[in-house]
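J.: Following this message is one structure expressed as structure tokens.
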Amino acid sequence: MAYNPKTGKGLGNFYKADRYSFTSREWKGFKDTFYDFHRWLYLYGYMAAKLGCHPILMVKGMLRYRWMVSYITAAHMIDRHTMGLRGKELRYAHNQFFSVLHNSVMGVRDIIVRDENLRPHSKRAKALRDKTVMFDEMTPHHVMFGFPTLKFVDIAMFAIGLPSEVDQNHTTYYIDAIEKFGLAPDVCPEPASECGCAIVDDYPRVGKTYVTGSMPCDGSVEQTALMTRHFSDLPIYQITVPQRINEPEIQRYAVKNMKKCIAFIEEQYGVKWDWDAFWENAKLYNESSDCMIQKWEVNTTDHPQVCGAALALQREYEFMASACMDKYMIDTDRRVTKMMLKGYEEDVKNNAPSPKYRCLVWACPAHYYTNFTYWTQHCWGVTCVNDMECMLSYLPITIGDEEQAMVDLCRLYERMMMRSHTNGGYVNILDELWKMCEKFNCNIVIMYDHVSCKNVGGLHGLFEDQARERGIHLIWIPHDVMDPRTVSRREMREAFNKYMTTVLRAEPLDPTLLDYEDNFSW
């Protein structure tokens, strides 16, 4: 435990109201501090090695795009997720998070060498763009399994998604820009941020086509409409996922729609779908999913290992940003799985204590407070053993059967982030929650209450009633996903503190974490 009752010093002392970064580095003992600082240097060394070879493009990129500057604070993102961690838990987190940033650094490099805004007259950049597909965030990147000669870049993920989780204040400029343009302020800040990025012309142009999708909410409909206008000079394909994803008869439509997307890419790039490449990439996806399931299985026991954001964010970005085709992330899966199984065996052998409280995280989280579950762990002993954000499609792709594989490919898209539980009716978000509580032996649910989301809000009463029937503590945590000005991180903590003190009558493990100011913190 990081709190020292003799001195009264704890993790909350590393924050100051007027500071963007921590006041100092945490001392974790020689071995863990050395490892922690080594990983810090390794990250910046890797960034320098991969991006430093393009110094002019990097400077031009940071002057051209506001979002690119946020990546400089990447080490602070890891620091706030590893604060208070020791031993094997510290190493799980560093490996998981570095794989995300490893993929992101390579993605930024791919962007700056292709970007027409940065290199309008470069023949090499144009040749790269002619072999690149631009994707929106909620789109089936896995369709690229069958196109080994092409590259894909999720421009929304690199401009909005990841930077908003690195820097909590990243998206406020884009939200203000689109609201001044006329968008209602009660729209979800995620599509609002993406629209604002288009309004101020902050999206890179790195491909010759654009593939977008559909989401069942008002903000995403507006975002799709505006983004297609923004890239109106490019060939665009909009793929539309079925809403009733549990009904088997809709798969005929889904497969037909996916095949049209494949035909669009074939026509625009003059290439043919390669089943051999598809099978190889499908094997990588299957292996990554198997590693994820192993993490879940260990976390159902009395000795959970890879918990909180280290579990959720790594799977989210492996699935969403790399489409499970990043071999470094697969290597990380193998390494962490091996470490995890060893750590579990040690805990069983040594009869290590179980978490004080076991919780499940449900509904859409706040991008500006990705380390919230680590705060609950350090302050109250509430350990997050699983998170809805990593409960993406994990069913395997059938190898060798082309027709079934196409159905399986559609299933990935239908059960990706923000689709797996908000589509297909309340059975996927309401009934599924109680199944997961039973599976992971949880009696606390951190229920994120996204104040601008209309989808989940309509089920508020049902969640409350059914939680009471089951004796489950449902703790509602308000937030506004990408706008920390609506509900601050401090206010999110206050909501949790009130429940723990008034309902559970619990005592904090680290009183310094009860109340502190971090509005300026990255």
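J.: In whole Å, what is the distance between the alpha-carbon centres of the stretch 21-64 and the stretch 445-502?
T.: That distance is 35 Å.
J.: Right, here's the next one. Return the carbon/sulfur percentage of the accessible area of the stretch 183-267, one whole number, probe 1.4 Å, all protein chains in place. Provide the component values of the computation, followed by the final result.
T.: Numbers: 1850 of 3480 Å².
Taking all protein chains in place, the stretch 183-267 shows 53 percent carbon and sulfur surface.
J.: Here is a follow-up. Restricted to Cα positions, what overall size does the stretch 252-371 have along the principal axes? Three whole-Å values, descending.
T.: 60, 31, 28
J.: For the stretch 168-279, what class follows from the C-alpha gyration tensor (a ≥ b ≥ c being the square roots of its eigenvalues): rounded when a/c is under 1.5, otherwise prolate if a/b is larger than b/c, else oblate?
T.: Numbers: a/c = 2.65, a/b = 1.55, b/c = 1.71.
Judged from the Cα gyration tensor, the stretch 168-279 comes out oblate (a/c at least 1.5, b/c at or above a/b).
J.: Excluding Pro189 itself, what net charge comes from residues whose Cβ is under 9 Å from its Cβ, given Lys and Arg +1 and Asp and Glu -1?
T.: Numbers: positive: none; negative: Glu190, Asp480, Asp483.
Overall, the nearby charge balance is -3.
J.: Further, regarding this structure: Would you mind classifying the stretch 248-290 by shape? Square roots of the alpha carbon gyration tensor eigenvalues, ordered a ≥ b ≥ c; an a/c under 1.5 is rounded, otherwise it is prolate if a/b is larger than b/c and oblate if not. Working shown, then result.
T.: Numbers: a/c = 3.14, a/b = 1.15, b/c = 2.74.
Judged from the Cα gyration tensor, the stretch 248-290 comes out oblate (a/c at least 1.5, b/c at or above a/b).
J.: Can you show me the helix-derived [θ] at 222 nm for the chain, built from DSSP H runs with n ≥ 4 at -39,500 (n - 2.57) apiece and divided by the number of residues, rounded to the nearest 500.
T.: On the way: 20 runs with 259 residues, N = 522.
For the chain, the value works out to -15500 deg cm²/dmol.
J.: Please state the shape class of the stretch 357-503: rounded when a/c is under 1.5, otherwise prolate if a/b exceeds b/c and oblate if not, all from the C-alpha gyration tensor.
T.: Details: a/c = 1.94, a/b = 1.72, b/c = 1.12.
Taking the square roots of the gyration eigenvalues as a ≥ b ≥ c, the stretch 357-503 is prolate.
J.: Report in % the part of the accessible area of the stretch 100-170 that belongs to carbon and sulfur, leaving out ligands and nucleic acids; probe 1.4 Å. Present the calculation step by step, with values, prior to reporting the outcome.
T.: On the way: 1000 of 1930 Å².
For the stretch 100-170, the apolar C and S fraction of the accessible surface comes to 52 percent.
J.: With each pseudo-label sitting 7 Å past Cα toward Cβ, what's the Leu41-Asn519 distance in nm, one decimal?
T.: It is 3.8 nm.
J.: From the alpha carbon gyration tensor of the stretch 226-266, can you work out the equivalent ellipsoid semi-axes (sqrt of 5 times each eigenvalue) and give them in Å, largest to smallest?
T.: Values: eigenvalues 126, 36, 3 Å².
One finds semi-axes of 25, 14, 4 Å for the stretch 226-266.
J.: Measuring with a 1.4 Å probe in the full set of protein chains, what accessible area per residue, in whole Å², belongs to the stretch 260-370?
T.: Numbers: 4260 Å² over 111 residues.
Per residue, the stretch 260-370 has an accessible area of 38 Å².
J.: Would you mind computing the Rg to Rh ratio of the stretch 333-375 from its alpha-carbon coordinates, Kirkwood style for Rh? All intermediate terms of the calculation are to be shown ahead of the outcome.
T.: Values: Rg = 14.5 Å, Rh = 13.2 Å.
A ratio of 1.09.
J.: Just to be sure I understand: of the beta bridges DSSP finds with both ends in the chain, what percent are antiparallel, rounded to 5? Mind dumping the intermediate values first?
T.: Working: 1 of 27 bridges.
Around 5 percent of the beta bridges assigned by DSSP in the chain are antiparallel ones.
J.: Placing +1 on the Cβ of each Lys and Arg and -1 on the Cβ of each Asp and Glu in the chain, which of His479, Gly343, Thr171 has its Cα farthest towards the positive end of the resulting dipole?
T.: Value computed over the given set: Gly343.
J.: Could you give the accessible area per residue of the stretch 73-171, probe 1.4 Å, as a whole number in Å²?
T.: Numbers: 2380 Å² over 99 residues.
Here the residues of the stretch 73-171 average 24 Å² of exposed surface.
The values are calculated or read from the model by the stated rules, or taken from the named source; none is laboratory data. Note that this is a predicted model, so its numbers are computed, not measured. Using ideal geometry, Cβ is built from the backbone for each residue, glycine included, and neighbour counts are taken over all protein chains shown. Note: areas computed on protein heavy atoms with side chains; ligands, DNA, RNA excluded. Shrake-Rupley method; radii C 1.70, N 1.55, O 1.52, S 1.80 Å.
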